[in-house]
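Let me begin by presenting the structure, written as structure tokens, before commenting on it.
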Amino acid sequence: MKQPATKTLSLDGTSLSLADLRPLVRGENVALAVSPKARKAVQRARELVEAHVERGEVVYGITTGFGKLKSVAIAAQDLEELQENLILSHCCGVGEPMPVEEVRVAQVLRLNGLVRGHSGLSLALVDALVALFNAGFVPVVPRKGSVGASGDLAPLAHMAAAYMGHGDAHVGGKRMSARAALKKVGIAPVKLGAREGLALINGTEIIKALGVCAYWRAENVSKAADAVAALSIEGLLGSVKPFDARFAALKGHAGHARTSANVRRCLAGSEVLASHADCDRVQDPYSLRCVPQVHGAFKTALEHVRGVLALEINSVTDNPIVFPDTREVVSAGQFHGQPLSIPLDYLTIALTTLANVSERRIEQLVNPDLSHLPAFLTPKPGLNSGLMIVQVSAASLASENKSLAHPASVDTIPTSANQEDHVSMGVTAARKALLVVDNVEHVLAMEWLCAAQAREFHGDLRAGKGAHAAHSLLRTKVKPLARDRFMHPDIAAAKTLLDSGALVAAVEQAAGELES
């Protein structure tokens, strides 16, 4: 049974926020509406399109073919067939389907771009798409097949085709044919008029949707990494001195300052650090001492990505663009994904660095020559291997990230008979960001396991408020390691707690709000 909506988003093409999309990323149900102002804007643009059709004028995207076929005029009686042919011929996506949450975000973003009133589709089509979304109709969209220019043509075509009754769709958590899904929700397959097929597929909404999902996961990672690092510092008897606010002021980077503040909150009240305030260790290893610099640089990258996405989710990425005020229909390059592909590559690179330093802290924790704790954090090393292979697995993921971090945005390949002679590879960049953020979540979960186990050897001293909360939360799902056991469930449990936001929530409840 379809769950009631948690909130209603009123789309106007200009005021959608990343926070508005967060419930969708989490899989929560959201309803859509279109603002009265946007409805008027859509109607004005549609009237201009219909005027061109009635006069029989040759206008690209309205009464012509597409791409290399832009010079082929289409008769008025064939315009509906032209739109249907466009959609079906572009359904060339391959690979595993996008998760439902990602498609739901893409549905919202495409509608938000269309209702701004520069695309020329009809109010009837807008209302049909809103009704389908609100009914829980989610097209099945393959992940691969877009080069990120002329819009995300193939994946958006699959989305549009489902509205027309082609391909597959999800309703109520079940996959079925699109035609069966339409029948289940009681909505007729949409029929596309002049301009409307091109309007549905000429956009960068797949890049945006994947980017938004990667961003929200990365923001959670930004806070979780600081909390986990704080617990590692406790386990390794590190120093809190490198997190002094004066160092952040001297450096001048806001990300550095936010990281230092987060770690100080997590370590506040620590008996462990206080007991070793005068130990003979002069300097901690860089993976501990330079957390403000490394995690802070990640926060700076995340802030840049946030700003770009905030702009892009309200941008018009269609072609041609309809200007009702001046009665013009103008072709341009709004559909090019380069403004997104470069920042998403930046995000992937920054995430990769975060995993690199986390893996190094795991090595510090499990290596007895570095930690001065029992080998591989097991009470009986030799008979038991302890957390030895946790570090190996983390190293595998950190290394994989380095391959994935090669920028997609520096690649291009001509398409459409060289009409599209430079492309962005934006979907590739976004997909890689999602792969890497998942690896980073796993690596941090592994560090969390190791740091918590290290704390078992200092159990007589209370950790700082945030670090203690992190340790206590993990122990609700993962018992201390007394002897070797099947480790996979421990890693999976820690990963689930981390990427669900439960880790950050527990630490913030104990130590105060963390900054991303």
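The values are calculated or read from the model by the stated rules, or taken from the named source; none is laboratory data. Since the structure is predicted, the reported quantities are computational estimates derived from the model, not experimental observations. All Cβ positions, even for glycine, are placed from backbone atoms using ideal geometry, and neighbour counts span all protein chains on display. For accessibility, only protein heavy atoms count, side chains too; no ligands or nucleic acids. Shrake-Rupley method; radii C 1.70, N 1.55, O 1.52, S 1.80 Å.
Structure above, values below:
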| quantity | calculated |
| --- | --- |
| Residue match in segment 359-370 (condition: out of contact with any Ser or Thr (no Cβ under 8 Å at 6 or more places or on another chain), open to solvent by 60 Å² or more (accessible area, probe 1.4 Å) and either farther than 28 Å from His442 by Cβ or outside any helix (DSSP H, G or I) (or both)) | no |
| Within segment 204-239, tally of residues that are at pLDDT 95 or above, more than 12 Å from the chain's Cα centre (by Cα), of a type in the set (Gly, Ala, Ser) and more than 17 Å from Ile349 (Cβ to Cβ) | 6 |
| Residue list for segment 374-423, restricted to those being touching a Leu at 6+ places or on another chain (Cβ under 8 Å), farther than 23 Å from Leu351 by Cβ and free of Cβ contacts under 8 Å to residues at least 60 places away in the same chain | Phe376 |
| Of all residues in segment 311-354 being in a loop (DSSP other than H, G, I, E, B) and either closer than 24 Å to Asn401 by Cβ or in contact with a strand residue (DSSP E or B) (Cβ under 7 Å, 6 or more places away or on another chain) (or both), the one that is modelled with the highest pLDDT | Gly337 |
| Selection count where residues are over 30 Å from Gly307 (Cα atoms) and either in contact with a Gly (Cβ under 9 Å, 6 or more places away or on another chain) or of a type in the set (Asp, Glu) (or both), scope segment 328-360 | 1 |
| Helices (runs of 4 or more DSSP H) within segment 164-239 that include 2 or more residues within 30 Å of Cys290 (Cβ to Cβ) | 205-235 |
| Any chance Val392 is closer than 25 Å to Gly148 by Cβ and part of a helix (DSSP H, G or I) | no |
| Qualifying residue in segment 213-226 (condition: within 26 Å of Gly307 (Cα to Cα), surrounded by fewer than 24 Cβ atoms within 10 Å (Cβ to Cβ) and of a type in the set (S, T, N, Q)) | yes |
| Set Ser270, Ser287: member being under 28 Å from the mean Cα position of the chain (by Cα) and buried (at least 20 other Cβ atoms within 10 Å of the Cβ) | Ser287 |
| Pairs, first farther than 21 Å from Val138 by Cα in segment 19-45, second outside any helix (DSSP H, G or I) and of a type in the set (Val, Ile, Thr), C-beta under 6 Å, six or more apart | Ala38/Val115; Val42/Val115; Ala45/Val322 |
| Residue match in segment 312-320 (condition: in contact with a helix residue (DSSP H, G or I) (Cβ under 9 Å, 6 or more places away or on another chain) and open to solvent by 40 Å² or more (accessible area, probe 1.4 Å)) | no |
| Test result for Arg116, buried (at least 19 other Cβ atoms within 10 Å of the Cβ) and outside any helix (DSSP H, G or I) | yes |
| Residue within segment 381-404 that is open to solvent by 30 Å² or more (accessible area, probe 1.4 Å) and at positive phi present | yes |
| Any hit, segment 263-272, residues being without any contact (Cβ under 8 Å) to a residue 40 or more places away in the chain and of a type outside the set (Lys, Arg) | yes |
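Here's the yes/no breakdown for (1) within 23 Å of Met176 (Cα to Cα); (2) modelled with pLDDT under 90; (3) open to solvent by less than 10 Å² (accessible area, probe 1.4 Å):
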residue: Lys68; (1), (2), (3): no, yes, no
residue: Ile74; (1), (2), (3): no, yes, no
residue: Leu82; (1), (2), (3): no, yes, no
residue: Leu88; (1), (2), (3): yes, no, no
residue: Cys92; (1), (2), (3): yes, no, no
residue: Gly95; (1), (2), (3): yes, no, no
residue: Ser122; (1), (2), (3): no, no, no
